[in-house]
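Trainee: Quick one: the structure is below, questions incoming.
The values are calculated or read from the model by the stated rules, or taken from the named source; none is laboratory data. Worth saying up front: this structure is predicted, and the values here are computed from it rather than measured. Here the Cβ positions follow ideal geometry from the backbone for every residue, glycine too, while neighbour counts run over all protein chains shown. These accessible areas exclude ligands, DNA and RNA; they are computed on the full protein's heavy atoms, side chains included. Shrake-Rupley method; radii C 1.70, N 1.55, O 1.52, S 1.80 Å.
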Amino acid sequence: MATSTARIFSLPTAELHLHIEGTLEPDLVFELAERNGVALPFESVEALRERYHFTSLQSFLDLYYDCMAVLRTREDFRTLGERYLDRAYEQGVRHAEIFFDAQAHATRGVDPEDVLDGLLDALGSGTQRGITGGLILSFLRDRPVPEALQTLESLAHRAGDLLGVGLDSAEVGYPPRLFTPVFARAKELGLRLVAHAGEEGPASYVREALDLLGAERIDHGIRSLEDPGLIERLRRERIPLTVCPFSNVKLAVIPRLAEHPILDLLDHGIVATVNSDDPAYFGGYLADNMAGLADAFPALDGALERLARNSVDASFASGERKAELHALIDEWASRA
Ligand code: HPA
Ligand code: ZN
């Protein structure tokens with residue numbers, strides 16, 4: 001029998017691919033615009049929602065950067081983070097490793113420390129509710145490399161408050177190798193390393209992210225399937241892929257959910273996980289993605305527990321926290 005939506009929503013998971021700016025729901029865009037006196041290029045929540053039709057990663061990024069202009073203060077980032085954690089909790093998320101685009105905010109004059117502090121405030125209140133997590137400073141690959149280095153240096157004294165660094169924004173034409181010195185410095189600071197690769201870009205970008213950046217986890221990575229040698233390596237070395245099904249369909253990386261390769265990845269023995277990427281824009285949070293996949297693929301029912309366990313294994317949570325999360329999944333499985 002197909003797993004009910006309620007049961008999918010109660011599956012304990014770790015979210016590993018989530019851009020906090022991508023959780024900016026239309027009503028919050030308008031609330032913060034009013035709070036901060038920011039003029040918006042759309043008249044209403046409905047008019048904004050009408051722009052939620054994307055043809056590529058870039059067509060989404062244009063709107064994503066427009067909307068995040070309402071985020072100005074530490075308090076704004078706290079509000080944003082808390083609303084995400086509330087929604088994530090309702091969807092079973094018990095650990096969240098969250099990307100933030102400090103560089104995009106710095107270009108608007110927002111101090112990266114205000115961004116960091118607001119998000120840490122939110123994570124602090126999340127911990128009280130039973131969600132642990134951390135923050136990943138993500139570099140914008142379509143902006144100059146020296147700017148990324150400067151952003152990293154501006155937060156170097158706060159390295160202890162960061163979990164790691166990542167690489168996002170427009171992929172094609174901005175190969176990982178450009179960011180080799182930035183990731184080398186992040187490693188020196190003791191930070192964990194992840195990178196978006198193989199979303200719109202080729203499998204060779206995934207190889208570069210591993211070989212030149214030292215990425216421990218690949219965000220998206222689905223185009224790795226075009227390179228059998230790479231897939232074999234990801235399996236053998238247990239390098240996780242943080243896969244985002246709704247995102248892939250919304251950004252036209254995959255024509256429709258029924259053609260999504262999530263089960264192929266699992267069949268190849270890859271540590272694949274399901275994540276929401278930019279849930280306010282792509283139609284749902286983590287369990288919504290799982291429920292969508294379960295609708296599209298009857299065989300997903302048998303893979304739900306595996307996906308949840310993969311998310312825990314692929315996380316940077318402590319060994320103790322991982323054991324707690326696996327125990328929550330044990331409990332879920334025993335209630336079947
Ligand atoms: N890909 C690359 N950059 C991003 C994304 C994404 O899906 N979301 C926010 N920044
Ligand atoms: Zn992403």
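Trainee: Please give, to one decimal in nm, the separation of the simple spin-label points placed at R238 and H268, each 7 Å out from Cα toward the Cβ.
Mentor: Roughly 1.9 nm, to one decimal.
Trainee: Further question on the same structure: Treating only the Cα positions of region 178-244 as identical point scatterers, give the base-10 log of I(q)/I(0) from the Debye formula at each q in 0.14, 0.22, 0.25, 0.27 Å⁻¹.
Mentor: Evaluating at q = 0.14, 0.22, 0.25, 0.27 Å⁻¹ gives log10 I(q)/I(0) of -0.37, -0.86, -1.06, -1.18.
Trainee: Counting trypsin sites (Lys or Arg not before Pro) as exposed when in a DSSP loop with at most 10 other beta carbons within 10 Å, what is the longest stretch of the chain free of them?
Mentor: Working: sites that count: R256, R335.
That gives 1-255 as the longest site-free run.
Trainee: Turning to a different aspect of this structure: What FRET efficiency comes out for T127 versus S334 if R0 is 45 angstrom and r is the Cβ-Cβ distance? Round to the nearest 0.05.
Mentor: Working: r = 26 Å, r/R0 = 0.58.
After rounding, the FRET efficiency stands at 0.95.
Trainee: Follow-up. Limiting things to C-alpha atoms, what are the Rg and the maximum Cα-Cα separation (Dmax) for region 95-207, in angstroms?
Mentor: According to the Cα coordinates of region 95-207, Rg and Dmax are 14.1, 42 Å.
Trainee: Tell me, what % of the accessible area of region 5-334 is carbon and sulfur with a 1.4 angstrom probe?
Mentor: Details: 5990 of 12160 Å².
That fraction is 49 percent.
Trainee: Another one. Taking the dipole about the Cα centre of the chain, with the C-beta of Lys and Arg at +1 and of Asp and Glu at -1, give me whichever of V38, F9, G302 is farthest to the positive side.
Mentor: G302
Trainee: Based only on the alpha carbon positions, what is the Kirkwood hydrodynamic radius of the chain, in angstrom?
Mentor: Over the chain, the inverse of the mean reciprocal pair distance is 19.9 Å.
Trainee: Also: For F9 and Y52, what does the FRET efficiency come to when R0 = 22 Å and r is the distance between their Cβ atoms, rounded to the nearest 0.05? Could the numbers behind the result be given before it?
Mentor: Details: r = 23 Å, r/R0 = 1.05.
Given R0 = 22 Å and the Cβ-Cβ separation, E is 0.40.
Trainee: Which residue, V110, V165, V271, has the most motion in a Gaussian network model of the chain that connects Cα atoms within less than 10 Å?
Mentor: Result for the chain, Cα springs under 10 Å: V110 fluctuates most.
Trainee: Could you size up the charge dipole of the chain around its Cα centre, putting +1 on the beta carbon of Lys and Arg and -1 on that of Asp and Glu, and report it in debye to the nearest 20?
Mentor: With only Lys, Arg, Asp and Glu charged at Cβ, the dipole is about 740 debye.
Trainee: Continuing with this model, one more query. Please give the Cα centre distance for region 137-182 versus region 1-15, rounded to the nearest Å.
Mentor: One Cα centre to the other: 34 Å.
Trainee: Select from Q128, Q58, Q103 the residue whose mean-square fluctuation is largest in a Gaussian network model of the chain (Cα-Cα springs shorter than 10 Å).
Mentor: Q128
Trainee: Calculate the length of the line joining the C-alpha centroid of region 209-260 to that of region 18-66, in whole Å.
Mentor: Between the Cα centres of region 209-260 and region 18-66 lies a distance of 27 Å.
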